[in-house]
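Peer 1: Below are the structure tokens for one structure; questions will follow.
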Amino acid sequence: MNIYVTGFHRAGTHSVAKNMARAMGIPYVEESTIKWDSLEMALDLLQQKITKHDLTTGKIYKVKYPILEKGFVLQCPGLAHETEELSKHGQVFWVTRDRKNIITSMRNAGINEMAWHIMKGFRQKFPDDEIWETLKYDGSHDVHCGFVGYYTILCKVKEYFYTKYLHKFAKKIEIEKQPYYNMTKTMTIKKPLKEKELKMMGEYAGICLH
């Protein structure tokens, strides 16, 4: 059994994937193993292969890991746009979380450039969708708010595509409903959004994507 745990970054895919792997008795594979968004490397796991990079020689090669033969759980929020493709090779779970908490965690983690790549993945996968004509973004003020406005749009885009297309291929998991989730231990509680950031999130939350 191959399991793909995708959905939102900063939503709890790490804990969901680790707990699933432990419960099922199969290996847990972290997103860094597939350079966080490489579909090719994710599919290599089906042949029990993991790409390695020799920092001394610069050589890139693939190593066989027989332990993956009976299945694995891959944490891969960076492949959310490839949910349909992943569903052809195993079971897919889409992890979500309260939107404000996701955005707060993105701000705290400073995922900046990664967020642009995530959006790019959806644009490339669904280039003709009407959503792209509705999006307008001015980051001139957002840059002073930790890009909370952009993270808000990104969350809405992911929600949009899950609801419109991807829900057919992945089962949703709400992290707040999981027994191992403890909100009090998260940085979301310890470092919440500031007033100006909440205002910025509110401005972009009102953008209609339909």
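The values are calculated or read from the model by the stated rules, or taken from the named source; none is laboratory data. Note that the structure is predicted; figures quoted are calculated from it, not measured. With ideal geometry, Cβ positions are generated from the backbone for all residues, glycine too; neighbour counts draw on all protein chains shown.
Peer 1: Given the condition within 30 Å of Lys164 (Cα to Cα) and modelled with pLDDT of 95 or more, answer yes or no: does some residue in the range 45-53 qualify? Show your work before the answer.
Peer 2: Taking the range 45-53 as the starting set, the residues that turn out to be within 30 Å of Lys164 (Cα to Cα) are 45-46.
Next, from what is left, pick out any that are modelled with pLDDT of 95 or more: 45-46.
Yes: one or more hits.
Peer 1: Which of the residues belonging to the range 136-164 are in a loop (DSSP other than H, G, I, E, B), in contact (Cβ under 8 Å) with a residue 60 or more places away in the chain and surrounded by 15 or more Cβ atoms within 10 Å (Cβ to Cβ)?
Peer 2: Those that are in a loop (DSSP other than H, G, I, E, B), in contact (Cβ under 8 Å) with a residue 60 or more places away in the chain and surrounded by 15 or more Cβ atoms within 10 Å (Cβ to Cβ): none in the range 136-164.
Peer 1: Show the residue pairs that are 6+ apart or on different chains and have beta-carbon atoms under 8 Å apart, the first residue being within the range 176-189 and assigned to a loop (DSSP other than H, G, I, E, B), the second being hydrophobic (A, V, I, L, M, F, W, C).
Peer 2: Gln178/Val16; Tyr181/Ile175
Peer 1: Closer than 25 Å to Cys76 by Cβ and acidic (Asp, Glu): which single residue out of Glu195, Glu203, Glu133, Glu174 fits that description?
Peer 2: Working: Glu195 fails: closer than 25 Å to Cys76 by Cβ; Glu203 fails: closer than 25 Å to Cys76 by Cβ; Glu133 fails: closer than 25 Å to Cys76 by Cβ.
So the residue among Glu195, Glu203, Glu133, Glu174 that is closer than 25 Å to Cys76 by Cβ and acidic (Asp, Glu) is Glu174.
Peer 1: Further question on the same structure: Looking only at the range 62-74, count every residue that is under 28 Å from Lys125 (Cα atoms) and either touching a Cys at 6+ places or on another chain (Cβ under 8 Å) or exposed (fewer than 15 other Cβ atoms within 10 Å of the Cβ) (or both) and tell me the total.
Peer 2: 1
Peer 1: Also, quick follow-up: Any residue at all in the range 194-203 that's aliphatic (A, V, I, L, M), out of contact with any strand residue (DSSP E or B) (no Cβ under 7 Å at 6 or more places or on another chain), surrounded by 21 or more Cβ atoms within 10 Å (Cβ to Cβ) and farther than 15 Å from Arg107 by Cα?
Peer 2: no
Peer 1: Output the residues belonging to the range 1-10 that are touching a strand residue (DSSP E or B) at 6+ places or on another chain (Cβ under 9 Å) and closer than 18 Å to Glu82 by Cα. Spell out how you get there, then give the answer.
Peer 2: Filtering the range 1-10 down to residues touching a strand residue (DSSP E or B) at 6+ places or on another chain (Cβ under 9 Å) leaves 1-8.
Of everything in the range 1-10, those that are touching a strand residue (DSSP E or B) at 6+ places or on another chain (Cβ under 9 Å) and closer than 18 Å to Glu82 by Cα turn out to be Asn2, Ile3, Tyr4, Val5, Thr6, Gly7, Phe8.
Peer 1: Answer with yes or no whether Leu39 is crowded, with 18+ Cβ neighbours inside 10 Å, farther than 20 Å from Tyr151 by Cβ and over 13 Å from the mean Cα position of the chain (by Cα).
Peer 2: Values: crowded, with 18+ Cβ neighbours inside 10 Å: no; farther than 20 Å from Tyr151 by Cβ: yes; over 13 Å from the mean Cα position of the chain (by Cα): yes.
So Leu39 fails the test.
Peer 1: Against the definition (touching a helix residue (DSSP H, G or I) at 6+ places or on another chain (Cβ under 6 Å) and buried (at least 20 other Cβ atoms within 10 Å of the Cβ)), how does Thr51 come out, yes or no?
Peer 2: So Thr51 does not fit the description; no.
Peer 1: Here are some conditions: (1) surrounded by fewer than 19 Cβ atoms within 10 Å (Cβ to Cβ); (2) within 19 Å of Trp36 (Cβ to Cβ); (3) of a type outside the set (S, T, N, Q). Leu79 meets all but one. Which one does it not meet?
Peer 2: So the condition that Leu79 fails would be (1).
Peer 1: Can you list residue pairs whose Cβ atoms sit under 9 Å apart, with the first residue in the range 20-34 being touching a residue at least 12 places away in the same chain (Cβ under 8 Å) and the second being among the basic types (Lys, Arg)? Count only pairs 6 or more apart in sequence or on different chains.
Peer 2: Matching pairs, first to second residue: Ile26/Lys70; Pro27/Lys70; Tyr28/Lys18; Tyr28/Arg22; Glu30/Lys18.
Peer 1: Output the residue which, of all residues in the range 21-43 that are of a type in the set (A, V, I, L, M, F, W, C) and part of a helix (DSSP H, G or I), is nearest to Gln124 (Cα to Cα).
Peer 2: Filtering the range 21-43 down to residues of a type in the set (A, V, I, L, M, F, W, C) leaves 21, 23-24, 26, 29, 34, 36, 39, 41-43.
Narrowing further to those that are part of a helix (DSSP H, G or I): 21, 23-24, 34, 39, 41-43.
Working: Ala21: 31, Ala23: 35, Met24: 34, Ile34: 19, Leu39: 14, Met41: 19, Ala42: 18, Leu43: 19 Å.
So, considering only residues that are of a type in the set (A, V, I, L, M, F, W, C) and part of a helix (DSSP H, G or I), the one nearest to Gln124 (Cα to Cα) is Leu39.
Peer 1: Could you tell me how many of the residues in the range 83-124 are closer than 25 Å to Gln48 by Cα, among the polar types (S, T, N, Q) and crowded, with 18+ Cβ neighbours inside 10 Å?
Peer 2: Summing the residues that are closer than 25 Å to Gln48 by Cα, among the polar types (S, T, N, Q) and crowded, with 18+ Cβ neighbours inside 10 Å in the range 83-124 gives 1.
Peer 1: If we keep just the residues of the range 130-162 that are over 21 Å from the mean Cα position of the chain (by Cα) and of a type in the set (Asp, Glu), which is farthest from Gly110 (Cα to Cα)?
Peer 2: Just the residues of the range 130-162 that are over 21 Å from the mean Cα position of the chain (by Cα), to begin with: 130, 133-134, 136-145.
From the residues that got through so far, the ones that are of a type in the set (Asp, Glu) too are 130, 133, 138, 142.
Numbers: Glu130: 29, Glu133: 27, Asp138: 19, Asp142: 13 Å.
Looking at the filtered set, the residue picked out is Glu130.
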